[in-house]
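Just below is one structure, and these are the notes that go with it.
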Amino acid sequence: SDRSRIEISFSSTSASDHPNDMAPSSPSSSPPPRGVVSDSLTSLKSSWSSCPGLLSVTQIHSSGLSLLFRTASQMRHLVRHGGGGDDRLKRKILATVFYESSTRTACSFQAAMVRLGGSFQHVDCGKSGGSASSKKGESLSDTMRCLECYADAVVLRHPETGSVGGCLGRTTKPLINA
């Protein structure tokens, strides 16, 4: 079946394996012309840092939004008429790390991962979180380094502005700001 790809992939990266591998190689890349359909959320290299991550909707160009809506429609159809999901993320693990509570956000990422054949690890780093070493004083960067050993991508929700962006230079796995 024809499946749209979203820019953030669930694979490790190294210095030579840059998240812009789907983007045009020209240094002055720009969004596709109006009406042209893209196979990535963004082709603007300047919108991505040195590590893969989705921090802001400003990284997504209009063609990327079209891709996102098409993919969402396909996923809705898959859930309603395709047995609830598939296995495109089989053997992949998503870490959901929440320093502040958000039931809907956490559940949406976790449900999507399971519906696509993957699994997730949830770490509650909030004030009442019983499963996190942050209660013992572990830093955010230490938590991220630890989780990289176990997960293929990380969804991070943190109350401090700039904290997720600050993790990008220290992580090698895709990071999504929740």
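With each pseudo-label sitting 7 Å past Cα toward Cβ, what's the Gln74-Arg91 distance in nm, one decimal?
2.2 nm
With an 8 Å Cα cut-off and a minimum separation of 6 or more residues, compute the relative contact order for the stretch 52-178 in percent.
Relative contact order of the stretch 52-178: 30 percent.
Taking square-rooted eigenvalues a ≥ b ≥ c of the alpha carbon gyration tensor, is the stretch 60-136 rounded, prolate or oblate, where a/c under 1.5 means rounded and, failing that, a/b exceeding b/c means prolate?
Cα axes put the stretch 60-136 in the prolate bin.
Expressed as a whole percentage, what fraction of the accessible surface of the stretch 52-153 belongs to carbon and sulfur atoms when a 1.4 Å probe is rolled over the protein heavy atoms?
54 percent
I want to check the label-to-label distance for Glu160 and Glu100. Put each point 7 Å from Cα in the C-beta direction and report it in nm to one decimal.
About 1.3 nm separates the two model spin labels.
Rounded, prolate or oblate for the stretch 51-105? Axes are the square roots of the Cα gyration tensor eigenvalues, ordered a ≥ b ≥ c, and the cut-off for rounded is a/c under 1.5.
oblate
Which of the GluC sites (Glu not before Pro) found in the stretch 97-178 are in a DSSP loop and have at most 15 neighbouring Cβ atoms, other than their own, within 10 Å?
When the GluC sites (Glu not before Pro) of the stretch 97-178 are filtered for loop state and at most 15 Cβ neighbours within 10 Å, Glu100, Glu138, Glu160 remain.
May I ask you to derive the FRET efficiency for Val114 and Asp142 from their Cβ-Cβ distance with R0 = 22 Å, giving the value to the nearest 0.05?
On the way: r = 28 Å, r/R0 = 1.26.
Calculated transfer efficiency: 0.20.
Once you put a point 7 Å from the Cα of His81 and another 7 Å from the Cα of Lys127, both along the Cβ direction, what distance in nm separates them?
4.8 nm
Suppose all protein chains stay in the model; what accessible area per residue would a 1.4 Å probe give for the stretch 50-178, in Å²?
54 Å²
The values are calculated or read from the model by the stated rules, or taken from the named source; none is laboratory data. Model, not experiment: these values are computed from the prediction. With ideal geometry, Cβ positions are generated from the backbone for all residues, glycine too; neighbour counts draw on all protein chains shown. All accessible areas refer to the heavy atoms of the entire protein, side chains included, with ligands and DNA or RNA removed. Shrake-Rupley method; radii C 1.70, N 1.55, O 1.52, S 1.80 Å.
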